[in-house]
Structures are given as C-alpha cells and as structure tokens.
Amino acid sequence: MGPLIWLLLLTLLLPGATAQQLREQIRKYTLESGLRVLMVPDKTAPVIHFNLMFDVGGVDEAPGLGGIAHMVEHMAFKGTPSIGSLDWPKEKAALEAIDKARAELDRAIANRASQEEIQRLTARFNQAREEAQKLALPNALDQLFTNNGAQGLNASTGYDRTDYRVSLPSNRLELYLRVYADVMLNAVFRSFYEEVDVVLEERRQIAENDPNGALREVFLRTAFQVHPYGRPLIGSREEIQGYRVDKAMEFWKTHYHPNRAVLVLVGDVEPERDIQLIRRYMGVIPKGPDRPNLNIPAEPPQTAERRVSIEYNAQPSLLIGFHKPTYPNREAYVMDVIDSILTEGRTSRLFRRLVIQEQAALNVSASSASPGFRYPNLFVISAQPRAPRTTQDLERLIYEELERLKNELVSPQELQKVRNQTRAAYLRVLQGGPGLAQTLAFYELFFGGYQRIFEEEAIYNTITAEEIQQVARKYFTPQNRTVATLITRGGSR
Amino acid sequence: MKAIWSLLSLLTLALAQGVPADWPDPFKMQFQRLQPSVIRPTEAQLSNGLKVLLVEDRALPFVSGRVYLRAGAIFEPDDKVGLSGIFSSVLRTGGAGERTPDQVDEILETLAATVSVSTDNLFTSVAFNTLTENLDQVLQIWADVLVRPRFAQERLDLEKGRALEAIRRRNDQPTQIAVREFVRRINEGHPAGRISSAASIQSITRDDLVAFHQRFFKPNGAVLAITGDFNTQEIVARLERALRGWQPGPVNLPTFAPPQPKPGIYFLQKETNQSVIYMGNPTVTAFAPGYSELDLASRVLGDGFNSRLFLEVRTKRGLAYATGGAQTQGFGWPGFIYGASISRVEKTAEVLELMLAQFRDLRERPVSQEELELFRNSILNAEVFRFTSKQAVAERIARTQMLGLPPDYYEQYIRQIQAITPADLQRAVQQYVRPEQFVIVVVGDKRQFDRPLQSLGSVVEVPLE
C-alpha cells in the first residue's frame, strides 16, 4: 500500500553496458488519448508482467474524503456491465435502488428521524443490497484472470500514485486489454457498501491494531499540519464510514483517464505486433481532462521541534523526521546518499553504532523520501530500543551521528562504498519482472520520461562529501525535526 | 431477416454494456495452455561429494549461489530452541577464515555483494550474490562462512540480546501471536511445535554453535545451486579451490513421531478491536496420496478472491480484509489444511462459525464442476511462472533432491490435478478434514465478543508469553 518499494529504487546508479542494452530494447508509444505504453521484451519465460499506473493518489482527495483514492482502487476490481453482471439492465436498476435507499436513510439521519423510521430505512437499504447481489457474479474480474493462470493480481495506492499489477501467460495479452480497457471505460462500483466494511477492517488491521501503523499515523499528522501527506492514506474511520457511491464515482471520473496513466509490459512481448492489439482496445478510451488544479497547500516551513507520543499495548518505538525537498532538486539525491551512509548494511553508521557497538537498538532503518515524492517530503529514521535502553537513548545516539555528518567530511572510501551499493541495487532492478515494470511506470509518470532512470548515474556520481555536509547542516536541525514515540502502556519509553 | 435482427440485438447489447460490438465476451475467450520453457541445470559433483546444479546466464553481470544443508530448527535440542536462528545469524556475522566480523562486513559492502544465511525447520542455506568482477573474492568469503566460521563471542552475545528483544516484542501484533500459537498447537508433540523462550535463548553458548556446525555442515548430502554470468567448467574448478579442506562425514538425522495436536479452541486475550482466527488440522505430507486433492480443495476454500472464505467472509459480508486458507506442504511430517480471518471483535463467533461452515460444506457437498475447473485451470495455466527465474529453478531442484522427491514429482502432480473429479475431491476432504477435530486459535478481546467462545466448544485460555 505505501510507496515503500520506490524508496529502495530511487537510489540508483548506471551500470554501463547492461543499462544501455535495456535502454535500446524499451519501446515507447503514445496513443491519441495520451496513454503512454512502454514495452520491454524479455524472453526468459512466456509471461508478461503488467503495470498500469495513474498519477492519482491520496494527495488528490478533497478534505473529508480521505482514503477515497484507496477505496476507488478497491472498486476498480468490481467489474463492468459485461464483467460481473448476470443481467445488466436489472442490476443497473438494483444499484440505483441502493443509492436511493442510502440517500433516504442519510436524509432521515440528518433530519433526526425517529428510531423506528431509521430502522425501517436501514432494512430497506440492506434489502436493496441483497437484491443487487443476486444479480451479480461476485469477483468476476478476478475469476477471468485466475482461470488464466494470473499471478500477483493486486493494486496499491500511494499518496501520489495508484498502480494495478498482474502477470499473465503471454498469450493472454488480449484478455488483459479486454478487461482493463473495459474497466477504464465502464467500471461498475457494485457491492460498494460491503467494501466499505472491508476497508474499515483493513484500517483496523494496518493502522489501529498494528503499533507501527498507529505510530506512523500520528507522526505524519504532526509533521505535516497543512499538506495532505499528513492525512492517513487509508482515511479516518469517520471518513470511510461516510463514503457514498456518487462521491467515489465522481473521484474516479475526475482522475482515472488514459492521459494520466502509463501502461508497462515487461516480458514475452513483440512491440510492433502487440501495439496493434493495445491500440484496438486501449485506443477506444477517450482522453480525459488534465489533472485539475487542486490547490494543494504547501507545508509551511517548520520553525520549532515537534514532539508527539502515543501510549500503546506494545514495546517502545521511535520515528524521527526532517522536512526536505523532493526530486529533481539535487538535495533530494544527496539525501539518498546520506540514507545509504546511515543505514544501508551492517557497516552503515547508525546500524554499527546503535545495534552493534552500543547494543541499544534491535534495529534501525531510514527512508530518504517519505511518505511520497511528488511534494517536499521527509527524511525518516525509525528505530526500536533494546531494553533496558530507551527511545531517549536512541535519540541521543542518532543526533550524535547526525552531528558527525555535519562536522566531518565523509571519507572517499565510504562514498565509494555507497556508490557501489547503489550501482548493484540498480542492476538487480534491471533483472526484470514486476519490479522493473513498476519502476519504469513510475519514472515515466513522474520523472519526465523513463529515460531519467538512465541519467541519474551522473547525479549520484558527482555528489561530493562537501555537499553531504552542507545538506546535513541545512536540514538535520532541531527546529526542522518531528519526533514520534510509542510508549508502552503503563510502562517505559 | 432473423439473422439481421439478432445481429442488431447483439449490437444493442454490446453498446448498452459500453464496449464496441466487435469486442469478444471475455468469458468466452479461449487460449492454449502454454508449455513452460523448462530450464535444466547442469549437474556436477565436487571431489568432497558436494552436488552442484549450474545454469549459465550471461544476460547480466551477476553470479548467485545457494548451498542447502540438512540443518534446521527441528534438530535443535529441546532446551535450546532458537539455536538454529542464532546459529545462522552468527555464522554470517561472527567472522570467517582470516577475517574478523567487521572485516567480512566491510569487504562485502564495499564490493556491494551479499553473503546471507537462512534457516527453516529442515534446512540451513548459505547464499551469495555478486557482480562477476568480484566473484573470486566473494566466493572465498562465502566458502569461509560456510566452512571456516569463527563464531566470535561478542557477536553471539549481540545476537542473543537481539533475539531476547524480539521475544519481548513478539506479542505486539495480534497476527504474530495467532500464527505462532497456531503453528505450535497444530504441531504439538513434534519439534516443529516448539517455540523459543528467554531461557532457551540465554542457554545458548559458543560451543553449541560449533557443535551444530560440526554435526550438520557436511558436503555430502548438501546441494549447491549456482546461476549467472560464468563458464560452467571454469566455475566448478573455482569451487573446488574455494571449498578445499571441507571434508565429508556421516550425518545422522534423528526421526520424530508425527504431531499429535489436541483439538480445541485456544484463546489468547489481547486488547484489540479485531480478532485473529486460525483453524485447521494436519493432513498428509506433500505429494503423498491425497495431497493433490487436498491442495485443490484448499484453493476452493481459501485461495484468492473467488475462494469460498473470501466470497463468504469478505465480499458478501464485509467481515474481513484478510481472509483465506491453504494446504501447507509438509515434508517429513504431515502438512495441514487451514483457514484464517482477521475480523472485527464483535463478530468473532459469527466469523468463526462461518469459517467452520465452509469446511463442513466441502465435506458434505461436492464442489461444482465450474468451481473445480477454475482452480484447476489456475494451477495448469500458472505453470509457466515456475520458470521465470533461473536461480529460483536451480534452488527448487536442489531442495527437491534433498527432500528425496522424484525428479518428475511436479509432472505427476499436474497429471493428478488434471484428473481430479468433484467426487475425488470430496472423498479426500471427508478423509482428512475434520472440523470437529480442529485446532482453533483466537486472539482478541473477549469482553467484546458477540458470544463467549465456550458456546462453540471447549476453550483453553493460554496466557501471552
């Protein structure tokens, strides 16, 4: 769900010949609708890994509709008139009856109708849902793919983007296109209110009953007081309970258009042949409006340290965040390098100091671009103390290491080590599969073209020890810091 | 006239459904089942008896390898549960050959290479991954870790301390509690059903690590899978050099009686607004008679959006985000069939009964032919995905050989899957799946349950530890 994978992939370097080969193999087509299609032939096995990514996510939600992008991601699996309906005209009427019953119930609640009246309308609403269920073939979209041997059918919503993934035997290309073109044209949000309950369960599971999720939610809310990165990506419980079909459909129709998407195919493809089929189906989908101006407010500069804690039925944990710019600002790339210096591997500074030398932490990790990348974001350090050491102990040790970055230049050897690591990590991504499909979609959508992936070497290779020092001094300051602590209920930090 | 009329109605229908008239009905699209392009590793044997499976792949400048050894958690002494986990950490981090722990880390990270150790119930494996240009150096470190580990005392102390902290934290998440308790209860009476404790971790000494290494790390009986950018003959010679001095010897592995779980509801109290429910019983070992039928039955039960648990618990009723089930692969002792859900606490009993009803229904009524075909097709059409990674193929064959499975075990399995009828499936479920004998684990806040668990069966309250 979170954009965690990117964070790994963003620290990349170029591996000469291999990257050149890959670069020459990639084919890019742009349909009239603005849909960009990337194809990467890889004949290892007769399969294709698909990634369909939209530049829509949590930041695009109106206040009060938090999590609607994630809800819409779920609803895009519910099919279309020709995928999942047993009798479309009847089902259509039944779905309209649900909307009407829901609206009447909402009005009654708003007008403080009698308990009896609300019960009656609730029963009618539930009755309407049951009627509609009888006219649908549940999870028909999945059935089509499962029947055909699909692997990894899934989707994820981030703050900045949403992607739909599946891998299929390569002769099922037309099936994929028939299904997803139809979804983009005619998505039907059937079983909507059942899915609201599913999403509430998802929220309980990832944000309420998971101590890391609970801590992260208050951490982001504290660090971003204005920008939507501070809102929970899945929405608050009240927001989820308030979802209505019309609002969700409006969000879908505003945003999910071919001109705001990239489709990547990695695997057993023949670009010149396959683009014909892709045009036949995806070409039917009309171009939509551009991304509307949402007036997303910028986060004002932070002027004093912010601290927050939650009491929870779990062992202590710590998150520290510093505001920073995002790509393509050069300082964002410098932060990627700092991330590697601090937490990549056992010889990294924070791991060595906190986990090995001081035996103060079970683990420590960092992320150089959280929770999104489209807007200025955070450098986040996460650590779990080893009893009897506390989160205060960890804070002190982490700040000492950050001071060292500010006061001493990183040695050439250490810098070289980081360069080697990023280069190898990059090569591993190029090995293909779903990860490559996702990475290319991401670069095409947000970095002004997939070619950018091959141009970052120059940036990373020229980052100097002096720049690292300057960036550390500029951003790792107390007034730019947000600290969130999980305190064991009735116990220690 | 009639033909034109029907064409028109078709067109109207298609337009009414919002797609061009010449688009096919996706449910009627027919595709051939693709045959996987099978990858067959070259086999070699070193002079010390180590078997090697090799696949050359010059596409990227990498070499990967993983050697499997018969050394897993079930072979730990009863009072040292957790030893194999500590062993595998310190094998990697405790220094090797001429190098101190810090030197090993420093050189690997400077070369951007990895050497890693993993362990499970049956096997410990030592893997490496490196750019071709650094192969000699990395191969030497990998061989040192494998054959000449130093087990530095201070790194043992470090890993024990971290393991104790992990124990302290293991009740933080309800799902983690439920999985641990379920695996423990369903394997009761077998070493796989043991869990570590602070005492068992504290008792581990350096001598225990050395003894574990001496007892299990023998080249005979081990298999190395290696793929990537190399020349097969040349790399075999390099392996001989790197592993010089690794001597074969007898490895005596104990055998164990199968698990004897005690049916019932095991309840663990945790303040949370969702309950985690696991249920199931042991069945058969992997690829034994009945396995293919149970595998297919368990997919009908719990594999994905069109499985019964998903449709009934999630899609129709919105009672869970996470729900599903499977038949596990047991090697050496039976695997188990299970179902699981994470559901709001005030629906705990309702969901538990709904899940049990799905198991019972599989016993009482044959599945529809349509349902069977869906999951059968899923298995058959997904076969091509078994060959997307050369390293994964070589590793799978290595494990297969160590488990003593016949080389064509998967082809046999596929043939069985192709032949299964609804009656076969029901017979196997009736024989092996017994809801009244289930081990059921519930983690949740009983004060908020819709009904006391006692109304569903005998309950054992297990304290969190």
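When DSSP assigns beta bridges and you keep just the ones with both residues in the range B:264-461, what percent turn out antiparallel, to the nearest 5?
DSSP beta bridges in the range B:264-461 are roughly 70 percent antiparallel.
Nearest 5 percent is fine: what portion of the DSSP beta bridges confined to chain A is antiparallel?
80 percent
Residues of A:336-347, mean number of Cβ from any other protein chain within 10 Å of their own Cβ, rounded to a whole number?
Mean partner shielding for this stretch: 2.
What net charge is computed for the residues neighbouring residue B:378, neighbours being all others with C-beta under 9 Å from the C-beta of residue B:378, Lys and Arg scored +1, Asp and Glu -1?
My count for the surroundings of residue B:378 gives +1.
Only bridges with both residues in the protein assembly as shown count here: give the DSSP antiparallel percent, nearest 5.
Expressed as a percentage, antiparallel bridges in the protein assembly as shown total about 75.
Give, to the nearest whole percent, the P(r) tail of the range A:4-282 beyond 23 angstrom, counting all Cα pairs.
Here the long-distance tail beyond 23 Å is 61 percent of all Cα pairs in the range A:4-282.
Once you average over the residues of B:60-66, how many Cβ atoms of partner chains fall within 10 Å of each Cβ?
Shielding by partners across B:60-66 averages 3.
Which trypsin sites (Lys or Arg not before Pro) does the range A:92-178 hold that lie in a coil by DSSP with at most 12 other beta carbons within 10 Å?
Passing both the DSSP loop test and the Cβ count: A:112.
In the P(r) worked out for the protein assembly as shown, what percent of Cα pairs fall beyond 44 Å?
Counting every Cα pair in the protein assembly as shown, those more than 44 Å apart make up 34 percent.
Kindly flag which residue pairs out of A:287/B:28; A:92/B:316; A:78/A:134 have an alpha-carbon separation exceeding 25 Å in this structure.
A:287/B:28
Longer than 28 Å from Cα to Cα, which of B:51/B:160; B:80/B:390; A:406/B:160; B:218/B:262; A:90/A:253; B:160/B:218 are they? Say none if no pair is.
Listed pairs above 28 Å: B:51/B:160; B:80/B:390; A:406/B:160; B:218/B:262.
Angle, helix B:174-186 long axis vs. longest principal axis of chain B, Cα atoms, 0 to 90°, nearest 10?
The two axes meet at around 80 degrees.
How much net charge surrounds residue B:175 when only other residues with a Cβ under 14 Å from its Cβ are counted (Lys, Arg +1; Asp, Glu -1)?
Surrounding charge for residue B:175 is -1.
Could you tell me the calculated FRET efficiency between residue B:98 and residue B:199, based on Cβ-Cβ distance and R0 = 51 angstrom, to the nearest 0.05?
0.90
Under a point spin-label approximation (7 Å from Cα along Cα-to-Cβ), what is the residue A:126-residue B:42 distance to one decimal in nm?
Rounded to a tenth, the inter-label distance reads 6.9 nm.
Kindly write out, for the range B:237-245 in residue order, the coupling ³J(HN,Hα) from the Karplus curve 6.51 cos²θ - 1.76 cosθ + 1.60 (θ = phi - 60°), rounded to whole Hz, with x marking Gly and Pro.
Values, residue by residue: 5, 5, 5, 3, 5, 5, 9, 4, x Hz.
Across all directions of projection, what mean area in square nanometres is found for the Cα convex hull of chain A?
Mean projected area for chain A: 25.4 nm², to one decimal.
Along the principal axes of its C-alpha atoms, what lengths does the range B:37-192 span, in descending order and rounded to whole Å?
Result for the range B:37-192: principal-axis Cα extents of 46, 42, 31 Å.
Round to the nearest 10 and give me the degree value, 0 to 90, for the angle of helix A:465-475's Cα axis relative to the longest principal axis of chain A.
Its long axis makes an angle of about 60 degrees.
What is the distance in Å between the Cα centroid of the range B:98-114 and that of the range B:350-420?
41 Å
Taking only the C-alpha atoms, wrap a convex hull around the range B:264-461 and report its volume per residue in Å³ as a whole number.
It comes to 134 Å³ per residue, whole-number rounded.
Translational D (Stokes-Einstein, µm²/s) of the range A:130-266 at 37 °C and 0.692 mPa s when Rh comes from the Kirkwood sum over C-alpha pairs?
D = 187 µm²/s.
Would you list A:39, A:335 from fewest to most Cβ contacts within 10 Å?
Ascending number of Cβ neighbours within 10 Å: A:39, A:335.
Once you place label points 7 Å from the Cα toward the Cβ at residue A:296 and residue B:170, how far apart are they in nm?
Once both label points are built, they end up 4.2 nm from each other.
Mind jotting down the distance between the C-alpha centroids of the range A:96-154 and the range A:253-324, whole Å?
28 Å
Within 10 Å of each candidate Cβ there may be at most 13 other Cβ atoms; applying that plus a DSSP loop requirement, which trypsin sites (Lys or Arg not before Pro) in the range B:56-124 survive?
B:58
Only residues of the range A:214-249 count here: report those whose backbone N is under 12 Å from the spot 7 Å along Cα→Cβ of residue A:304, or say none.
It comes to no residues whatsoever.
Averaged over its residues, how many other protein chain Cβ atoms are within 10 Å of peptide B:316-324's Cβ atoms?
Mean shielding by partner chains, rounded to a whole number: 5.
Which far-off residues, 5 or more places away or on another chain, put their amide H under 5 Å from the one on residue A:377, with H placed in the peptide plane?
Correct list: A:324, A:326.
Viscosity 1.567 mPa s, temperature 4 °C: Stokes-Einstein D of chain B from its Kirkwood Cα radius, in µm² per second?
Result for D is 51 µm²/s.
How many percent of Cα pairs in the range B:115-270 exceed 26 Å?
Of the Cα pairs, 46 percent sit more than 26 Å apart.
For the range B:98-112, just list the computed ³J(HN,Hα) in residue order, Karplus coefficients 6.51, -1.76 and 1.60, θ = phi - 60°, integers in Hz, with x standing in for Gly and Pro.
Using θ = phi - 60°, the values come out as 7, 9, 6, x, 5, 5, 4, 4, 5, 5, 5, 6, 5, 7, 6 Hz.
What number comes out for the charge environment of residue A:85, summing +1 per Lys or Arg and -1 per Asp or Glu over other residues with Cβ under 11 Å away?
My count for the surroundings of residue A:85 gives +2.
So how far, in whole Å, is the C-alpha centre of the range A:345-381 from the one of the range B:307-330?
Here the two parts' Cα centres lie 36 Å apart.
Where does helix A:192-203 land angle-wise versus the long Cα axis of chain A, in degrees 0 to 90, nearest 10?
20 degrees
Based on the mean of other Cβ atoms within 10 Å per residue, sort peptides B:449-458, A:446-455 so the most packed one is first.
Final packing ranking: A:446-455, B:449-458.
Laboratory data are not the source of any read-out in this text; all were calculated from the coordinates shown. Because the structure is a prediction, the values reported are computed rather than measured. Cβ atoms come from the backbone with ideal geometry, glycine included; neighbour counts cover every protein chain shown.
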